[in-house]
Every structure is written in C-alpha cells, then in structure tokens.
Amino acid sequence: MNMKSNELRSSFLGFFTERGHAIVPSMSLIPRDDPSLLFTSAGMVQFKPLWTGAVELPYRRAASVQKCLRTTDLDNVGRTRRHHTFFEMLGNFSFGDYFKEEAIAWAWEYLTEVLAIDKTKLSASVYKDDDEAFNVWHKKIGLSNDLIFRLGDEHNFWGPAGNSGPCGPCSEIFYDLGEKFSCGRKTCAPGCDCDRFPEIWNLVFPQFNQTVSGDRLPLKNRGVDTGMGFERLVSVLQKKDTSFQTDLFLPIIEEIASHTKKRYGAEPETDIAINVLADHTRALVFAVGDGIIPSNEERGYVLRRLLRRGVRLCRQLGIKDALLYKLVPGVVQLYGSAYPELTGRREEITLVIKSEEERFLDTLEKGLGLLEELFKSKKSISGADAFRLYDTYGFPVELTEEITRERNITVDKEGFMQMLGEAREISKAKAKFIPRGEWKVIREGVGSFVGYDKDESETMVLRYNEHGTTIELVLEESPFYAEAGGQVGDQGKIEGKGFKLNVLDTYWYQGGIVCHCEVASGKFVPSMVRAQVDIGTRKESARAHTATHLLHAALRKTLGEHARQEGSSVEPGRFRFDFTHFKPLSEDEITVIEDLVNEKILAAIPVEKFFTSLDGAKKMGAMAIFGEKYGARVRVVKIGDFSIELCGGIHLDSTGEIGLLKITGQESAAAGIRRVEASVGMRLFAMLRKQYLQIQQLVQIFGSEEDLLGKVHDFQQRMRDLEKTGQEHLMRLARMEAEGLISAAGPIIAHRMDCYPAEAMRAVADLIRERLPDSVGLIYRETDGKINYLIFVGPHLVKEYPASKLIKEISKILGGGGGGRPHMAEGGGGDPKKIPEAIAHLKKLIKA
C-alpha cells in the first residue's frame with residue numbers, strides 16, 4: 001500500500017482508538033519532570049511515571065505520535081537511510097493492562113492487514129530468554145522458527161531512557177529490503193548493522209524499574225511500550241530507498257535544490273549535504289516551535305550546533321547568504337496539519353532562525369580563514385585555538401572537529417573543555433534535581449499539591465531519599481509549590497518528632513513534588529510531619545509572577561502581537577522575562593510599558609484563578625506558553641480585561657499587592673529574543689531606598705538638590721580638565737627625562753620611570769628614537785610588585801634588531817609576556833628583581 005504520511009498518522013491512531021486506547025497528544029521536545037534527558041527521545045518519555053506507579057493512572061491504554069530529537073549519530077545523518085536528528089515515533093502503550101500476546105498480535109495485524117505489507121518480507125526477534133514472546137510469534141502468529149531470532153542485551157533489552165526508569169525485554173519486527181541493501185556476509189540477518197533488515201517496530205515490555213544504582217526492581221504496572229519509526233515505515237510503504245525520497249522530505253529537498261541550483265541525485269556528496277540541510281532545518285523548526293532558542297547552554301547549544309553546521313553546508317553548496325530561514329514556511333506547510341502549533345508560530349520560528357544565521361555569517365568567513373592559517377602550520381588544533389574559534393567566531397567545537405577531520409587533523413578537545421571550564425562559571429544548580437541515593441517508599445503514590453488553598457499542612461512522608469545531611473522527600477499533601485513555569489520552588493520548614501528540616505527548594509521529579517531539604521536539627525525519621533511554607537518569600541515570588549503577566553500584556557499592547565513570552569525566571573521580588581522582539585527597547589518604549597503596568601497595579605485589579613477545560617480556556621482567549629504541557633483541565637489566571645493566561649503558578653489576589661514595578665535592565669537573550677529584568681515589591685523598595693540615600697549623600701556634597709545632575713556634570717568636567725593638565729605636566733617632565741637620557745646616552749639605554757603612565761614611556765622612546773637613530777633601549781616601571789616595560793629600536797637598527805623579537809627574549813628572562821612592532825614593543829608581568837639580568841641580556845643581544 002502506497003500511503004501518504006498524513007494518512008499513516010491517522011490510520012495508526014484510528015486503529016488503536018478502535019482497541020480502546022486513549023489518544024495522547026505529543027509532548028514537547030522539552031521533557032518535563034525528567035532532568036536526565038535534554039530532549040524527548042522516545043514515545044514513552046511522557047509515560048514513565050505511569051509504569052512506576054508514581055501517579056494515578058488516567059488510562060490503562062494509550063497511543064501517540066511523538067516528536068523526538070536525538071543527536072547521538074549526527075555524523076551519519078544524511079549519509080544513511082535511517083539516521084535523523086528529529087523524527088516521529090508511533091507508539092501504543094499498556095499500563096498494567098494487556099501484555100505481550102495482544103501487543104504482538106495487534107502489531108502483526110496492523111502491518112499485514114491494515115497496511116498490507118507483504119508477510120514474506122517480515123521477521124521478528126525476541127530477547128534471548130523470552131520464551132513467552134517466542135511462543136506468541138511461533139504459535140499464535142505462525143512465524144517459522146527460522147524467522148524468529150533470539151538476540152541479547154544489545155539488541156533486545158530496552159531502556160531505561162536516561163539513567164533510571166522503566167525497562168525490559170523487547171521484540172522487534174524487521175522488514176527485508178532485499179539483496180540490494182545487504183552487506184554481503186553469509187551471516188547477514190535481522191540484527192545485522194547493514195541496511196537490509198531495518199527494524200520498523202520495537203515492542204518493549206517494561207517489567208522492571210531500574211534504579212540510579214542499576215538495580216532492576218519489578219514494576220508496579222508492567223505493560224507495553226512500542227515504538228515504530230515513522231520515517232522508516234513511510235519509506236517502506238512508499239517504496240523508497242531512503243526517507244529523504246519520501247513525502248516527509250522531498251518538498252524540502254526540492255526547495256533546497258532550487259535555491260542552490262544543484263540537481264538532487266547527480267552527485268553523492270551534494271545529495272548528502274542537501275539531505276543534512278533538510279534534516280537539520282526540520283529539526284530546528286520543531287525545536288524552536290517548542291520554545292527552544294539557540295544558545296551556548298544545554299538544549300540551546302544543540303540547536304546552535306545544528307544551525308551552524310547547516311550554514312557551513314550552505315556555503316559549500318555555493319550559498320553565502322542566509323538560507324535556512326527561507327525554508328521554514330515550506331516545512332510548516334508540510335507538517336502544519338499534523339502539528340498546528342507550528343502554523344501559529346511560523347513568523348517567530350522564521351525570525352529566530354534568520355537572526356541566528358545572520359549572526360554566524362558575520363564571523364564564519366573570519367573563522368574559516370583562521371582555520372586555513374592553522375592548517376598551514378599545525379598538524380593538530382590546540383585547545384586554545386579551538387576555544388578561540390568557539391569564543392570569538394562562534395564555532396561549536398564539534399563543527400571545528402568536523403572541518404579538521406576533512407583534513408586529517410585532530411583537535412585537542414580535552415584542552416578545549418578545560419579552557420571552557422575556566423572561562424565560565426559552570427552552574428551547579430541543577431545537580432539537586434537528580435537525587436543521588438535510592439528512594440525509600442513508605443507509602444505508594446506521589447501525593448498532591450494543596451498550596452493553592454493553604455500554606456501549611458499536617459501530612460505524611462510518602463517517600464524519601466537521604467544522602468548526608470540532605471533529604472529529598474515527597475509529602476502526601478504538599479503546600480510547597482514546585483519549580484515550574486519559570487517560578488522558583490517554595491522554601492520553608494518541615495518538622496517531625498525529634499527533627500526539623502529546612503526546605504531549600506521544591507521541584508518536580510517523575511510526577512512527584514520533591515522537597516530539597518537540609519537537616520536543621522535532630523535525626524530525620526519518616527513520619528507524620530508539619531510542613532510550613534515561608535510566607536514572606538512566597539509572597540515576594542507571587543508579586544514577581546503576577547507582574548510578569550502584566551508585563552507580558554503590556555509588551556504585546558506596546559510592541560505588537562509578535563512579542564510573545566519565550567521564557568522567564570521568577571524569584572522573590574524580581575524576575576527576568578524573555579520575549580520575541582528584534583531590537584532593543586527604546587527609553588520611550590520602556591517608559592510607556594512601565595507606566596501601563598504600574599497603572600494596572602495601582603488600580604488594584606482582582607486576580608482571578610480558576611480551573612476549566614483546555615478548550616474552554618482557549619475560547620476565552622487565554623494565552624498558552626509554548627513548551628509547556630497542558631492536560632484536559634487547566635488553570636487560568638485572569639486580570640480584568642487586561643491579561644488572561646494559562647498558568648499553574650502562585651499568584652496574588654490583587655494587582656495592588658505588587659506595589660510598583662521598575663524595569664532594571666535589558667539585553668539580547670538570543671537571536672530575535674530580548675530579555676528584560678525587573679524588580680517589584682519590597683525588593684524594589686530596598687533598591688529605591690538605597691538610591692535615595694545615595695542621592696542625599698550627593699546633596700550633602702553639592703549643597704542642594706537643585707540641578708543636581710548639572711552640578712555632577714560640572715564636577716566631572718573639572719576632574720577631566722585637571723587630569724588633562726596633570727597629563728600635560730607629566731609629558732613635559734617625560735620630555736625632560738628624555739633630554740637627560742639623550743645627553744648621557746650609551747650604546748644601550750635602560751631607564752626606570754615608576755611615576756609615569758605608559759603614554760609617557762612611549763613619548764620618551766619616540767623622542768630618543770628620533771634624536772638617536774642608532775639607539776636601543778629598555779624603559780620600565782614597577783607598580784605594586786608588577787612591571788611594565790617597553791623596548792624601542794632606532795630607525796637605523798630596526799631591520800637588524802626588531803623590537804618585536806627583542807621583547808620575546810627579554811620576556812623569557814623576566815617571566816612576563818609581550819609583543820609589538822619592529823620599532824617598539826611592550827610587555828608586562830614577571831619578576832622586577834630580574835631587570836638587571838634582562839638589561840645585561842639585551843646588551844649581549846645587541847653586541848652579538
């Protein structure tokens with residue numbers, strides 16, 4: 001059957017709907033509640049808590065078409081028929097319901113009866129010890145023994161996704177593409193690493209929960225987790241050699257070929273480059289559509305790496321201007337019916353990709369030029385050179401490695417990573433989100449959040465994780481808000497019989513609200529406890545959070561509807577807010593935005609918070625934040641007729657409780673993304689009080705508040721005039737020093753000038769060079785145990801004794817470093833006590 005890709009998605013979901021499965025929308029590419037993953041990499045990621053029993057089951061059967069992203073085989077993308085960065089995974093799932101027999105039977109029925117795939121092309125594998133799955137294939141389905149392959153852990157034991165979670169044996173279904181794709185070995189069979197037998201459906205049977213330490217415990221809800229590679233299946237059904245020839249990619253490839261004026265299918269290397277561009281563009285569109293912005297950190301770094309890899313390939317295909325952003329509308333049109341959120345964000349996606357492309361194009365040529373220079377003189381690229389390419393020219397180290405491999409040149413990646421670590425402060429904040437010990441379960445369940453209605457509770461500890469003085473625990477009824485939507489987690493205290501814990505933070509982990517605690521006193525014993533939120537800190541966080549909603553609405557009303565939220569970080573009394581916009585805010589725009597927000601604050605508008613259906617919220621016009629996952633029922637935060645958003649965070653009851661808002665800074669967060677920082681409430685009051693006291697101190701100095709700025713400017717001008725006069729006096733003194741040196745000059749001039757700035761030292765050197773063309777000299781000064789020095793050479797001796805070479809010889813002795821031009825070079829650092837030795841060495845060099 002030759003089925004179009006859109007038809008295949010509908011067919012798959014329809015088949016499992018008829019068999020009692022709930023159809024669950026794809027989650028974002030940003031996995032929620034799983035810090036072990038950068039991206040959603042499999043269909044089962046959003047269902048992990050359902051197998052472990054961590055949450056109440058909303059259904060026992062589910063099916064989905066999941067967006068996924070992986071970059072583990074990046075070098076193979078575009079070269080093979082099966083490797084992609086972004087891909088879709090069809091899956092059906094059972095949570096304590098049906099098991100191996102039904103999963104295998106339905107998979108076979110769907111492939112052979114619904115899709116009419118030739119049964120003689122299919123074979124299966126099972127885990128080496130899984131007789132149950134083997135018997136279903138052999139006795140129920142009727143596959144002969146020679147078409148059922150028993151394979152080991154590498155092929156037929158799956159999971160977990162990340163370092164912990166559900167896992168178990170699996171059974172794979174293979175499709176035989178024929179001899180054309182075979183490696184030619186006699187042993188070629190399903191499981192071979194060639195392309196003849198692609199796995200088109202993997203039926204995983206989660207039976208175990210793997211702990212962080214590697215132990216495999218029985219799952220509470222054993223079940224089924226299947227994953228069928230959408231791109232591979234489309235290739236089979238459309239009878240194409242690779243997925244790049246299917247309707248999933250061909251329209252994108254044809255557009256790339258049109259822009260580059262290259263004929264697809266004419267040259268293998270050109271085809272590979274076009275395939276990679278098509279793959280990477282599709283991945284970028286989906287990732288940016290889910291709210292991931294190119295940056296130098298985590299997910300953003302992966303996107304930046306993909307985009308800059310694509311920009312270089314465009315250059316190799318003869319395109320020197322930005323191209324990838326021009327492909328966005330075509331990708332959105334191709335996938336918009338299946339993923340309508342792309343259509344709504346098309347302009348934003350285009351803007352982000354265009355801005356990022358143009359930013360890299362500004363430095364690409366210079367970076368490639370530097371590499372060419374390095375290739376001429378080096379057999380390997382040092383860590384320092386790789387870091388310079390990264391830091392100055394924006395080359396991800398993986399891109400540098402890719403380019404150098406083409407020349408058979410290596411990169412010192414270890415040295416690069418060391419320099420990267422030294423150059424930035426690596427955040428350790430997220431370490432606490434991955435518990436290091438083992439969870440001890442007191443009672444099943446993940447508990448519930450009661451913090452919307454109360455700020456303290458008498459409750460039970462359900463589970464805990466203890467390591468040293470740190471306790472991670474889950475409460476049956478938690479008043480603590482877990483970090484989400486940009487708002488930081490609650491702080492507070494938990495008291496039990498004989499112990500007290502300070503709650504430092506609260507976060508989500510696999511469906512549960514986890515309190516990150518330090519023991520304040522006593523010995524922790526899991527029991528009935530009293531949990532109490534720090535009201536003051538929460539109130540300040542709520543002030544900041546409600547203020548972000550007002551700011552978001554004000555930005556859209558002032559700048560336009562394109563100014564959508566791209567991220568936020570809400571802390572007590574302050575926040576940062578990222579939004580789509582292409583240029584800095586002007587002072588006038590900031591004033592208008594601040595005035596509008598503060599007008600709404602002073603109006604003391606009630607802040608309504610209520611739950612409703614997702615469809616109902618959308619009909620009200622509630623804004624959703626992309627990258628967030630919403631259920632059938634959602635919480636709406638409505639501020640009069642000014643703002644209405646979906647939000648699960650902690651908010652005030654009235655805008656008047658915010659106090660005031662002041663924007664304190666702005667910067668570029670990423671290409672096409674602006675970031676503003678603001679303060680509210682008591683934090684803003686403390687800032688204003690400090691500034692007021694500073695102004696009063698200035699008043700005491702200058703006499704009155706009248707025209708205070710003018711008085712400060714006048715004072716600054718007088719200081720500049722005095723500095724200029726002082727500089728002129730110093731230069732006159734320096735010329736006098738030079739005259740004295742000229743009159744008593746020997747073959748080598750050495751002179752100390754501690755009280756003079758570098759400009760005076762250069763002036764002395766220039767005057768001596770002009771009057772004594774055969775002179776060579778060393779002038780130096782010592783400040784706080786450090787030395788600065790310069791070497792000058794007269795015009796008659798420059799060719800024979802260039803200062804740029806002499807400075808290196810002198811720096812070796814002093815222990816400093818320096819450089820410059822043939823007539824004058826400067827250096828710094830080193831040991832002042834070695835100056836006499838340096839002077840002696842200079843005399844020796846000139847005599848030689």
Output yes when any residue across the range 512-524 is farther than 30 Å from residue 209 by Cβ, open to solvent by 10 Å² or more (accessible area, probe 1.4 Å) and of a type in the set (Lys, Arg), and no when none is. no
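Among the residues of the range 334-355 satisfying the criterion of being part of a helix (DSSP H, G or I) and free of Cβ contacts under 8 Å to residues at least 60 places away in the same chain, which is surrounded by the fewest Cβ atoms within 10 Å (Cβ to Cβ)? Outline the logic, then answer.
Of all residues in the range 334-355, those part of a helix (DSSP H, G or I) come to 334-335, 340-344, 346-355.
From the residues that got through so far, the ones that are free of Cβ contacts under 8 Å to residues at least 60 places away in the same chain too are 335, 340, 342-344, 346, 350.
Numbers: 335: 21, 340: 10, 342: 22, 343: 13, 344: 15, 346: 17, 350: 20.
For the range 334-355, the residue satisfying everything is 340.
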Considering the range 709-761 alone, what residues qualify as being touching a residue at least 12 places away in the same chain (Cβ under 8 Å), part of a helix (DSSP H, G or I) and within 22 Å of residue 843 (Cβ to Cβ)? 737, 738, 741, 742, 761
Given the structure, is residue 28 hydroxyl-bearing (Ser, Thr, Tyr) and over 30 Å from residue 192 (Cα atoms)? yes
Residue count, the range 372-399, condition touching a residue at least 24 places away in the same chain (Cβ under 8 Å), open to solvent by less than 40 Å² (accessible area, probe 1.4 Å), in contact with a Lys or Arg (Cβ under 9 Å, 6 or more places away or on another chain) and assigned to a helix (DSSP H, G or I), comes to 6
For residue 320: the one exception among (1) in a loop (DSSP other than H, G, I, E, B); (2) of a type in the set (Lys, Arg); (3) closer than 20 Å to residue 83 by Cβ: (3)
Conditions: (1) charged (D, E, K, R); (2) more than 24 Å from residue 262 (Cβ to Cβ); (3) in contact (Cβ under 8 Å) with a residue 40 or more places away in the chain. Residue 366 meets all but one. Number of the miss? (3)
Look through the range 678-715, keep the residues that are closer than 29 Å to residue 598 by Cα and among the aromatic types (Phe, Trp, Tyr), and return whichever of them is surrounded by the most Cβ atoms within 10 Å (Cβ to Cβ). 685
Could we say that residue 452 is over 18 Å from residue 570 (Cβ atoms) and open to solvent by 20 Å² or more (accessible area, probe 1.4 Å) here? no
Being small (Gly, Ala, Ser) and surrounded by 15 or more Cβ atoms within 10 Å (Cβ to Cβ) is the filter here, so list the residues in the range 716-771 that pass it. 734, 738, 745, 750, 760, 763, 765
Give 324, 303 a once-over and let me know the one that is modelled with pLDDT of 90 or more, open to solvent by less than 10 Å² (accessible area, probe 1.4 Å) and in contact with a Pro (Cβ under 6 Å, 6 or more places away or on another chain). 303
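For every residue, the table says whether it meets (1) modelled with pLDDT of 90 or more; (2) within 26 Å of residue 646 (Cα to Cα).
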| site | (1), (2) |
| --- | --- |
| 439 | no, no |
| 453 | yes, yes |
| 459 | yes, no |
| 465 | no, no |
| 473 | yes, no |
| 485 | no, yes |
Residue list for the range 254-306, filter: among the acidic types (Asp, Glu) and either over 21 Å from residue 320 (Cα atoms) or in a helix (DSSP H, G or I) (or both): 254, 255, 269, 271, 279, 290, 297, 298
Of all the strands (runs of 3 or more DSSP E) wholly in the range 518-614, which have at least 2 residues that are in contact with a Lys or Arg (Cβ under 9 Å, 6 or more places away or on another chain) and over 24 Å from residue 30 (Cβ atoms)? 528-533, 607-613
Only one of (1) modelled with pLDDT of 85 or more; (2) surrounded by fewer than 18 Cβ atoms within 10 Å (Cβ to Cβ) fails for residue 430. Which number is that? (1)
Checking residue 150 against (1) among the basic types (Lys, Arg); (2) open to solvent by 70 Å² or more (accessible area, probe 1.4 Å); (3) under 25 Å from residue 220 (Cα atoms), only one condition comes out false. Which one? (3)
List the residue pairs whose Cβ atoms are under 9 Å apart, where the first residue sits in the range 200-220 and is among the charged types (D, E, K, R), the second is open to solvent by less than 20 Å² (accessible area, probe 1.4 Å), and the two are 6 or more positions apart or on different chains. 216/167; 216/168; 220/51; 220/53; 220/54
Among the numbered criteria (1) surrounded by 23 or more Cβ atoms within 10 Å (Cβ to Cβ); (2) over 20 Å from residue 157 (Cα atoms); (3) at pLDDT below 90, which single criterion is violated by residue 79? (1)
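The values are calculated or read from the model by the stated rules, or taken from the named source; none is laboratory data. In this text the structure is predicted, and so the values were computed from the model without any measurement. When we count neighbours, we look across all protein chains shown, and the Cβ atoms used for this are built from the backbone with ideal geometry, even at glycine. Ligands, DNA and RNA are excluded from the accessible area calculation, which covers all protein heavy atoms including side chains. Shrake-Rupley method; radii C 1.70, N 1.55, O 1.52, S 1.80 Å.
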